[in-house]
1. So what J values fall out for region 161-174 if you push phi through Karplus, 6.51 cos²θ - 1.76 cosθ + 1.60 with θ = phi - 60°, rounded to Hz, Gly and Pro as x?
2. Which value results for Rg/Rh of region 245-320 when Rg is the Cα radius of gyration and Rh the Kirkwood radius based on the inverse mean 1/r?
3. Based on C-alpha coordinates, I'd like the Rg and Dmax of region 175-275, in Å.
4. On the principal axes of its Cα set, how long, how wide and how thick is the chain? Give whole Å, largest value first.
5. 5 Å is the cut-off here: which amide hydrogens, built 1.01 Å from N in the peptide plane, fall below it relative to residue 217, excluding neighbours closer than 5 in sequence?
6. Figure the gain on full extension for residue 71 and residue 312 (residue separation times 0.36 nm, minus the Cα-Cα span) and round it to one decimal in nm.
7. Which percent, to the nearest 5, of DSSP beta bridges fully inside region 161-280 are antiparallel?
8. Would you grab the residues whose amide H sits under 5 Å from the one on residue 291? Only those 5+ places off in sequence or on another chain, please, with H modelled 1.01 Å from N.
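What follows is calculated from the coordinates using simple rules that are stated; it is not laboratory data. Predicted, not measured: the structure shown is a model, and the values here were computed from it. Quick reminder, even Gly has a Cβ in these numbers, built from the backbone with ideal geometry, and neighbours come from all protein chains shown.
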Amino acid sequence: MASKRVLITGAAGFLGSHLCDRFIKEGYLVIGMDNLITGSMKNIQHLFKLKEFEFYHHDVSKFVHVPGQLDYILHFASPASPIDYLKIPIQTLKVGSLGTHNLLGLAKSKKARILVASTSEVYGDPQVHPQNEDYWGNVNPVGPRGVYDEAKRFQEAITMAYHTFHQVETRIVRIFNTYGPRMRLNDGRALPAFIGQALRGEDLTVFGDGSQTRSFCYVDDLVEGIYRLLMSDYAYPVNVGNPDEITIKEFAEEIIKLTGTVQKIVNKSLPQDDPKQRQPDITRAKKILGWEPKVNRAQGLQVTYQYFKNLSKEELYENVRFGEKV
Ligand code: UDP
């Protein structure tokens with residue numbers, strides 16, 4: 001039987017590129033798509049020699065054409081850091097809304113199953129803790145994160161509408177903070193910011209007093225959860241993340257220990273609408289997918305640090321001024 005074909009949007013990004021690797025490993029033909037605004041060809045250059053991999057340089061906010069059969073679509077194209085939302089707010093809104101619409105249309109015409117990447121940001125600054133899928137969230141639509149949060153909320157709504165109205169097979173994953181090799185170094189996110197600062201010999205910038213919490217999931221665990229969700233028959237949203245919660249201050253201290261840096265922590269002002277706490281309730285993922293994370297933070301951070309340590313000096317300083325703008 002011919003191999004199944006899967007389209008992965010955002011293929012040159014952090015999560016997209018790991019998904020490409022996983023689907024190739026599982027024996028699929030993978031079509032990667034990316035407009036390279038925030039993605040990097042470096043993340044997928046190892047795949048170009050494979051006949052199982054094709055790449056389309058395309059912006060999914062515009063009509064998407066893919067010739068031939070498609071079995072699965074994974075929509076992972078989107079800017080995904082607060083700095084990006086400030087720099088490219090309109091593209092962020094368009095890829096979550098118009099892009100999702102185009103891909104749902106493609107899924108319908110190809111009779112393909114589609115999984116869309118949603119986010120814990122749909123919960124906003126949550127008033128329920130930990131967050132389960134039945135919580136509707138606390139989002140400021142006109143704040144700096146609104147362009148991302150509302151695009152993702154619209155994405156979930158239109159995905160459910162295609163499911164109920166057009167009977168498209170849809171899946172929605174709500175992704176919590178995830179880390180690992182190929183994260184963009186200076187995009188303003190906490191983990192690459194701290195490791196980059198440590199490697200450059202700079203102080204680590206903790207925003208606010210660092211008492212806000214996050215729960216970090218290693219990328220391989222996330223990819224496993226997504227793979228299982230795609231193969232399941234469950235159309236409602238499923239949280240995928242690691243419930244191991246930590247304050248940002250403690251997290252910075254862990255990075256200092258890990259990297260052996262002698263620099264200290266400095267506090268900077270807390271960005272507007274920065275969620276105070278975040279922890280996934282993964283009861284549903286456990287029950288429906290039989291999934292839970294396996295990699296603890298000490299293991300995951302070690303692998304991630306080795307990746308960042310091997311970057312060139314140019315890469316280490318790339319966009320570093322941009323990262324300071326927050
Ligand atoms: N953060 C920080 N210093 C940095 C970058 C981020 O203290 O240099 C904080 C940020 O304010 C947030 C947390 O770390 O409270 C996680 O930030 P990230 O951007 O990684 O993820 P998100 O806020 O989208 O969950």
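1. 5, 5, 5, 7, 8, 10, 6, 6, 7, 10, 9, 10, 9, 9
2. 1.04
3. Spelled out, the Cα radius of gyration and Dmax of region 175-275 are 15.5, 50 Å.
4. 57, 45, 37
5. 178, 179, 242
6. Numbers: separation 241, 0.36 × 241 = 86.76 nm, distance 3.85 nm.
Extra length available between residue 71 and residue 312 comes to 82.9 nm.
7. Among the beta bridges of region 161-280, antiparallel pairing accounts for roughly 25 percent.
8. Sorted by chain and number, the residues that satisfy this are 286.
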